[in-house]
1. Report, in degrees rounded to the nearest 10, the 0 to 90 angle that the Cα long axis of helix 2-14 makes with the longest principal axis of the chain.
2. Can you tell me how much longer the chain between Arg71 and Leu52 gets when fully stretched, taken as 0.36 nm per residue apart minus their C-alpha distance, in nm with one decimal?
3. Ordered by residue, what ³J(HN,Hα) values in Hz, to whole numbers, does region 70-82 give under the Karplus form 6.51 cos²θ - 1.76 cosθ + 1.60, where θ = phi - 60° and Gly and Pro are x?
4. Where does the Debye-calculated log10 I(q)/I(0) of the chain sit at q = 0.24 Å⁻¹, using only Cα point scatterers of equal weight, no solvent?
5. Quick one: if the Förster radius is 25 Å, what FRET efficiency do Val38 and Asp17 give, using the C-beta to C-beta distance and rounding to 0.05?
Amino acid sequence: GAVAATVGRLMQQLGQDRQVLAVTHLPQVAACAHCHLVVSKQSGDTTTSTVLPVQGEARIEELARMLGGERILPSTRAHAREMLDTHHNISTGTH
C-alpha cells in the first residue's frame, strides 16, 4: 500500500517533464497515471494481446478490479474513486 503509493507519486513527478511507461499490477501506482492503458490477452488457436485506454467510469472499474479481484463491491469502487481523486488533487496542487 504505502510504498506503492509513494512509487506512484514519484513516477508522477518524473512524468511532469519526461515520458514514463510502467507495467504494474498495483492499483496505487496505476491511479497516479496520466494515461491508464489496460493490456488483455485472449488465447485460442493463437494468442492476441489488446491494449486499450481506460477513462472515467471504465478506469474506476479497472482500478476496482485491481483492488478487489473478481468480486467488486460498492466500497471497492468508492476506494478506487478516492484513489483517483487523491492523485488528481496531488498532481494539480489542490490537495
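None of the figures in this text is laboratory data; all of them are computed from the coordinates on show. As the structure is a computational prediction, the values presented were derived from the model and not from experiment. Heads up, the Cβs are rebuilt from the backbone with ideal geometry, glycines too, and the neighbour counts pull from every protein chain shown.
1. 80
2. On the way: separation 19, 0.36 × 19 = 6.84 nm, distance 2.22 nm.
Length gained between Arg71 and Leu52: 4.6 nm.
3. Working through the residues one at a time gives 6, 9, 9, 9, x, 5, 5, 4, 4, 5, 4, 5, 5 Hz.
4. So the normalised log intensities work out to -1.33.
5. 0.45
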